[in-house]
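Data block below; observations after.
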Amino acid sequence: MSTLSFLRVAACLFSLSAFALVLTPAHAQELRKGGKLLLTNGVSTIEGSGGGGLATWSTIAGNATQEGIGGSVHGTIIDLPDYNWTSYGVSLGFFDRVELSYARQNLDTIDIGAALGLGRGYTLNQDVFGAKIRLAGDVVYGDALIPQIAIGVQHKRSSDAAVVAAVGGASPNGTDVYISATKLFLSQSLLANATVRFTKANQNGLLGFGSAGENDHKPQFEGSLAYQVSRRFVIGGEYRTKPDNLAIAREDDWLDLFAAYAVTRNVTVTAAYVDLGSIASADNQRGAFLSLQAAF
């Protein structure tokens, strides 16, 4: 990652944490009564929704319970051998029932951009607009055999229609639909999540959606397991399957091993080792993931 890119992202992360400090505690108290248990709202995914880093959960963003309105902002860096990923976004949770989210994703192609004829440092960009509604259950409370269940939708819009067409993508825009089930087993300090996503996104949508030969939504799995080492510290792993639509660019499943630490009730730092497989002809894209979330 270039020094300039690092400084830009660092400035973004600093601004996000400052935003949280402005919101709390006085402003947040006006919007909610009580609050969720520490870390049970999850963190922000790369797509802006509440969950893990790579996998979406049924959790609703923010610290507020069903009596209030909450939200979060986040910034994420993924440093890979041939690419640099950054994303940032905001999400709002209404009465622990409905979530609205937005994220901006950027993939710096560095030298790969030159090899592909795009120019060194060409950056692929995408906007992700999301909505989620909790249907039943509770992550923490209630019957241990009944998870919190939510359904959601994410509309993704690539800013690089010409590149999408060049690699064989059918469209620069697409919509994912998913259903998630999440449960925290307090006595075992263990959280489990399973999500089924119906998608035709190529590399999460950064290379468009579908292709001439494969243009249907297909079910994909996102799973997470996390262990709460202490009240503030959680470790775990995630696995996410991916469609493989493009003939010229093989796409692999994603996985991570993560650690999340609640610095305060409002600020959480997540670090992870990620394996994103092959991205646009570059294999073995393994590296470091760092995300900062500020929630109220």
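The values are calculated or read from the model by the stated rules, or taken from the named source; none is laboratory data. Everything numeric in this text was worked out from a predicted model, so none of it was measured. So basically every Cβ, Gly included, is an ideal-geometry build from the backbone, and we count neighbours across all protein chains shown.
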Expected output for the range 39-62 (first residue among the acidic types (Asp, Glu), partner at pLDDT 95 or above, Cβ below 6 Å, 6+ apart or cross-chain) is Glu47/Ala103; Glu47/Val128; Glu47/Gln154
From the option list Glu222, Glu251, single residue qualifying as part of a strand (DSSP E or B) and either over 14 Å from Gly53 (Cα atoms) or within 15 Å of the chain's Cα centre (by Cα) (or both) is Glu222
Going through (1) at pLDDT below 95; (2) crowded, with 18+ Cβ neighbours inside 10 Å; (3) of a type in the set (D, E, K, R) one by one, Glu99 fails only at (1)
Among residues of the range 201-246 being among the charged types (D, E, K, R) and closer than 23 Å to Leu39 by Cα, the residue modelled with the lowest pLDDT is Arg231
Over the range 200-239, the set of residues among the charged types (D, E, K, R), within 24 Å of Ser58 (Cβ to Cβ) and surrounded by fewer than 23 Cβ atoms within 10 Å (Cβ to Cβ) is Lys218, Arg231, Arg232
The number of residues in the range 32-71 that are part of a loop (DSSP other than H, G, I, E, B), of a type in the set (A, V, I, L, M, F, W, C) and modelled with pLDDT of 90 or more is 6
Restricted to the range 102-125 and to residues being part of a strand (DSSP E or B) and among the hydroxyl-bearing types (Ser, Thr, Tyr), the residue surrounded by the fewest Cβ atoms within 10 Å (Cβ to Cβ) is Tyr102
Would you call Val177 at pLDDT 95 or above and under 24 Å from Leu124 (Cα atoms)? yes
Listed by range, strands (runs of 3 or more DSSP E) wholly within the range 139-194 having at least 3 residues that are surrounded by 14 or more Cβ atoms within 10 Å (Cβ to Cβ), at negative phi and not hydrophobic (A, V, I, L, M, F, W, C) are 148-158, 173-185
